[in-house]
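Trainee: I'd like to ask you about the structure that follows.
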Amino acid sequence: MCCQLAFVLQAGLVNLLHRSRPDRLLIEPSGLGHPAGLLDVLRSDSFKGALTLSEVIVLLDPRRMHDDRALQHETFRDQLALADGVVLSMTDIASQQQIQAAQDYVGGLWPAKRWLRNGRFMTIEQFLQPGAHWQDEVKRPEAHRLKGTGQVLMLDAYDYRQPKPGKPVHDEGESLGFASHGWRWHPDDVFDLDRLTRGIDDLPGDIRLKGIWHTTVGWKSLNRSQGYLALEDVAWRRDSRVELIGQRLPEADALESMWQQCRIAGPC
């Protein structure tokens, strides 16, 4: 389906759900359909209690990895950015160099993909519940590791647990003199962007931070390195999340309290 006209899409889905009451709804948007807009429609008040969003799967043709028009296209990047998992297609006619380039590209994405399937046939069970079946490991590039340590910079290695509204999931770790903290929030939790930026600015300057939040002005990424904070729009919709790493981090309770003060109760 085409998802450019949100009101037409919404009306069609409401009619379909009311008439057919399907157990599962599989949506394949057109190639130019903007995925973030589609997910916003599916998570809107019109479908509260009627739909539970499951896996977002993107097919990636490895032959596109040498096409600058594709790599620089906003929709191409956004579709991969918000995917939970990636299936490499056309691997029977792609070169090994192209397949490796695609694997490297997927491995360099953040938030990290939860799984990668390299051109293998998917059964209906694997398609409907891909997280419950074996998947290829998504290898992280060296750029995601701390220089000289080999330690993974972010918390990609943790098993994914979907948070509930108002109840974030917290992960932490410590290795080779570095500590890490990460939180994930339900996508319906909304944050005040001004409070977030002020809170992050008050953190010690040597802390590395990457975050994506559902804010009062849309979905935003906040990336801080060497004391510099970059703010960008982002297509990710699965959850709000932040990951910090440093030799000395504030206590987890203090950080969680700060995030809570930035959070607005319920959707804005």
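Each reported figure results from applying straightforward, stated rules to the coordinates on display, with no laboratory input. Quantities reported herein were computed from a predicted structural model and do not represent experimental measurements. Positions of Cβ are generated from backbone atoms using ideal geometry, with glycine treated the same way; all protein chains shown enter the neighbour counts.
Trainee: Taking 7 Å along the Cα-to-C-beta vector as the label spot, tell me the Arg248-Arg198 distance in nanometres, rounded to one decimal.
Mentor: 2.6
Trainee: So, one more: Using 0.36 nm per residue of separation minus the Cα-Cα distance, give me the extension gain between Ser225 and Lys167 in nm, one decimal.
Mentor: Details: separation 58, 0.36 × 58 = 20.88 nm, distance 2.76 nm.
Roughly 18.1 nm would be gained on extension.
Trainee: A further question on this structure: Could you check the simple spin-label distance between Glu28 and Glu74, using points 7 Å along Cα→Cβ, in nm with one decimal?
Mentor: About 2.6 nm separates the two model spin labels.
Trainee: Near the amide H of Leu222, under 5 Å away, which other amide H atoms are found, from residues 5 or more places off or on another chain, if H is placed in the peptide plane?
Mentor: Those qualifying (amide H under 5 Å, at least 5 residues apart or on another chain) are Gly211, Ile212, Trp213.
Trainee: Roughly speaking, what is the stretch gain from Ala50 to His66, that is 0.36 nm per residue apart minus the C-alpha to C-alpha distance, in nm to one decimal? Let's see the in-between values first.
Mentor: Values: separation 16, 0.36 × 16 = 5.76 nm, distance 4.14 nm.
That works out to 1.6 nm of additional length.
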